[in-house]
Amino acid sequence: VPSEKVITQLLEKTKADYIGITLSSKQLKLARDYAKKRKLTSKVKFYNKDYFNTRFRNNTFDKVFAIESFCYASPDSLKFAKEMFRILKRKGKMVIIDGVLLRSPQTKKEECIAKTFLRGWRLSSGDTPNETIKNLRKAGFKNVRFIDHTRHIKRNISKVCFLGRISHFFLKPLNYLNLINSVEFDNARTMIVQKELVEIGILGHGIFYAEKK
C-alpha cells in the first residue's frame with residue numbers, strides 16, 4: 001500500500017519480491033508503467049485492491065508495510081490491522097509510516113485548524129499513537145511500538161507550507177469563480193495549516209512496528 005516509486009526504489013536495493021495494492025486505477029497504471037520503465041516487472045506486481053479486504057490467502061506475506069496510506073483507515077483502523085495480521089505469515093512483521101495526531105485538539109481554534117487539515121486531505125478522522133497501538137494489539141500483534149519522527153519533518157513541513165501559500169494565492173480567485181474543484185483548493189489550505197498543527201503539538205509523524213508471533 002505504499003506509493004509506486006517507494007516500492008520500485010526498494011526493489012533496486014533489496015532482493016525481495018513485492019506486491020503493491022491501491023484503490024486508484026490511475027495510480028495502478030502509474031505504478032505498472034514506472035516498474036516497466038525501470039525493468040522491474042519480474043519482481044513486483046500491482047493490484048487494484050482494498051486494504052480492508054485484500055482477498056489474499058491467509059499467511060501469504062513475510063512483511064507488510066503502509067506508507068502514508070494507513071491514515072485513511074481511520075475510523076476503521078482495527079479492521080485494517082486485522083486484515084494485515086491475517087495475510088502475514090507467522091513471525092511476519094508490519095511497518096506503518098504515517099502522520100499521526102499526537103493529541104486531541106483542546107480549544108475551538110485547534111478544532112477548527114484540525115478540521116481544515118482533515119478536510120483538505122479528505123480524512124475522516126485521525127488516531128493517536130496510543131489508539132493505533134491498542135488496535136494493533138487487539139488484532140493480535142506483539143512487540144508493538146511507535147517511533148516518533150516528527151522532528152525530522154519540520155524542515156520539509158515549512159517548505160510545504162510555503163508552496164501551499166503560493167498555491168492558495170493563485171487558486172483562491174479560481175475557486176471563487178468555480179473554475180477549479182474544491183479538492184485542489186482544500187489541499188492548498190491544508191498545506192498551510194499542517195505546519196501550525198505540528199508547531200502546537202497536535203500533528204506528528206512516525207513509524208509503527210509490530211510482529212505476528
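Structural remarks
- Single residue of the stretch 12-26 satisfying the filter (assigned to a helix (DSSP H, G or I) and at pLDDT 90 or above) that is least open to solvent (accessible area, probe 1.4 Å): S25
- Taking the stretch 116-144 as the range and being farther than 17 Å from S69 by Cβ, among the basic types (K, R) and either at pLDDT below 95 or within 17 Å of the chain's Cα centre (by Cα) (or both) as the test, only R119 passes.
Residue by residue, here is whether (1) open to solvent by less than 60 Å² (accessible area, probe 1.4 Å); (2) assigned to a helix (DSSP H, G or I); (3) touching a Lys or Arg at 6+ places or on another chain (Cβ under 9 Å) holds:
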position	(1), (2), (3)
K79	no, yes, no
E83	yes, yes, no
M94	yes, no, yes
V100	yes, no, no
S104	no, no, no
K109	no, yes, no
T116	yes, yes, yes
R122	no, no, no
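- Boolean, A66 is modelled with pLDDT under 95, surrounded by 15 or more Cβ atoms within 10 Å (Cβ to Cβ) and closer than 21 Å to K213 by Cα: yes
- Residues considered: I133, I157. Of these, the only one that is in a helix (DSSP H, G or I), out of contact with any helix residue (DSSP H, G or I) (no Cβ under 7 Å at 6 or more places or on another chain) and open to solvent by less than 30 Å² (accessible area, probe 1.4 Å) is I133.
- In this structure, T41 does not satisfy being among the hydroxyl-bearing types (S, T, Y) and touching a residue at least 12 places away in the same chain (Cβ under 8 Å).
Yes or no, residue by residue, for (1) hydroxyl-bearing (S, T, Y); (2) closer than 24 Å to G126 by Cα; (3) in a loop (DSSP other than H, G, I, E, B):
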residue	(1), (2), (3)
G164	no, yes, no
F169	no, no, no
K172	no, no, no
I180	no, no, yes
V183	no, yes, no
I192	no, yes, no
Y209	yes, yes, no
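- Some residue of the stretch 65-75 being in contact with a strand residue (DSSP E or B) (Cβ under 6 Å, 6 or more places away or on another chain) and assigned to a helix (DSSP H, G or I): yes
- Looking across F70, F61, F80, one residue alone is within 26 Å of K138 (Cβ to Cβ) and in contact with an Asp or Glu (Cβ under 7 Å, 6 or more places away or on another chain). It is F70.
- Of residues in the stretch 27-54 being open to solvent by 50 Å² or more (accessible area, probe 1.4 Å) and in a helix (DSSP H, G or I), the one farthest from K79 (Cα to Cα): K37
- Residue check for A31: over 19 Å from G204 (Cβ atoms), in contact (Cβ under 8 Å) with a residue 12 or more places away in the chain and in contact with an Asp or Glu (Cβ under 7 Å, 6 or more places away or on another chain): yes
The values are calculated or read from the model by the stated rules, or taken from the named source; none is laboratory data. Everything numeric in this text was worked out from a predicted model, so none of it was measured. Note that each Cβ is placed from the backbone with ideal geometry, even for glycine, and that neighbours are counted across all protein chains shown. Protein only, heavy atoms only, side chains kept; ligands, DNA and RNA dropped before computing areas. Shrake-Rupley method; radii C 1.70, N 1.55, O 1.52, S 1.80 Å.
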